[in-house]
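Here's the structure, in C-alpha cells; my notes come after.
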Amino acid sequence: PALKEQALGEFEGMSVAWLMQHHPDTANRLFNSDAEYCPANGESLVQACHRFIHFLYNLEQVAPHKTICIVSHGQVIQGVIALLKEGTINHFSKYAHSNASYSIFDLNHKECKALKWGIATHLRHIP
C-alpha cells in the first residue's frame, strides 16, 4: 500500500484533459500548484509523498546495499524529489517526470538523495 498511486477521490478515473476542461482551477491546484489540495475522498500530494518517503527510509532496513527499482506515478515522484532536494514540496511541478522516465536515488545511512530525475534517454530509439 505504501507505493500505491495518489488517491484522487472524486476525480479517480477521469483524464487530466477532461479535468482541465471541466474543472480547470481544481486541475491546476491538483497537478501544478497546491500539493496540499485534497480532493473529496482522496489524498493530497503531500500525503502520498510522505507515504512514499516513509517506504524509502524503511527500505534500507529490509534491503541494505541493494539496487531497487520502484515504479510510481510521475507526480508523486516529482513531490518526493522536491522534498529531497529542497526540503519542501512547494515547487514540485518544476521537477518534470514524464511517463516512462526514471529517476535515481541514493539511500545511505538514513539519508536519501535524488541524484537524477526525469531520465528518458532510453525512449529515443522508439519509433
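Annotations for the structure displayed:
- The chain: angle of helix 45-62 to the longest principal axis, Cα-based, in degrees nearest 10: 20 degrees
- Each of Lys85 and Val16 was given a label point 7 Å from its Cα along the Cα-to-Cβ line. The distance between the two points is 1.7 nm.
- Within the stretch 1-26, backbone nitrogen closer than 17 Å to the virtual label 7 Å beyond the Cα of Asn41 toward Cβ: 6-15
- Farthest positive-ward along the chain dipole, Cα basis, beta-carbon charges - from Tyr102, Asn90, Gln47: Tyr102
- Between 0 and 90°, nearest 10: helix 74-86 axis offset from the chain longest Cα axis: 60 degrees
- Dipole magnitude for the chain: computed about the Cα centre from +1 point charges on Lys and Arg Cβ and -1 point charges on Asp and Glu Cβ, it is near 500 debye.
- Taking 0.36 nm per residue of separation and subtracting the Cα-Cα distance, full extension of the segment from Ser93 to His109 would add 2.9 nm.
Only the coordinates and a few stated rules stand behind these numbers; no lab work does. Remember, it's a predicted structure, so these values are computed and weren't measured experimentally. Every residue, glycine as well, gets a Cβ built from its backbone with ideal geometry; the counts of neighbours run over all protein chains shown.
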